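What follows is a single structure, written as structure tokens, with notes after it.
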Amino acid sequence: MKILIGVDDSPHSRAAVEFVRKMTWPANSSILVLSVMRPAVPIYAETYVPAPTYLAEMSEESKRFHQETASGAERELQTTGLKTEARILHGDPRTALVEAARTERADLVVMGSHGRTGMAKLLMGSVASHVVAHAPCTVMVVKLRPRDAAGPTGRE
């Protein structure tokens, strides 16, 4: 079984990793951990134009962040004893995860859900909803109970 798990640096994503880690999978299963790096979109004001190296620096910082996110999840999943691999993809997370599921011939995509509704869902979109609707395989969406999503202060 080929399991693809999309991760970001959220409690929802950590819950999905923990779910996969605790499950019993067939012995020949493999886990591909993916973190998707959105393209940098420069915003210019009339009075400010960033230095030519600004976008490159931002891109390198973002790449390091996504690599650390994917590698950290992979380290956690290595305790399953299954073959694991971590990768960074570039683009819109919705389409990148669906395309990865297709090209990797994944049997299962696992991801967390932020549980946004209403205007927040409309403005920011829902990666999980898109992947569920378009992936060529089964998609498991792991949700947190509201109290589990809260940080140490009781707020998300």
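The values are calculated or read from the model by the stated rules, or taken from the named source; none is laboratory data. Just so you know, these numbers come straight off a predicted model, no measurement behind them. We place every Cβ from the backbone using ideal geometry, glycine too, and count neighbours over all the protein chains shown.
Annotations
- Residue match in segment 5-12 (condition: modelled with pLDDT under 90 and out of contact with any His (no Cβ under 8 Å at 6 or more places or on another chain)): yes
- Pairing each residue of segment 83-97 that is closer than 11 Å to Leu32 by Cα with any residue that is of a type in the set (S, T, N, Q) and part of a strand (DSSP E or B), provided the two are 6+ apart or on different chains, yields C-beta distances under 9 Å for Lys83/Ser30; Thr84/Ser30; Glu85/Ser30; Ala86/Ser35; Arg87/Ser35; Ile88/Ser35.
- Elements of type helices (runs of 4 or more DSSP H) in segment 19-129, at least 3 residues being at pLDDT 85 or above: 54-77, 93-103
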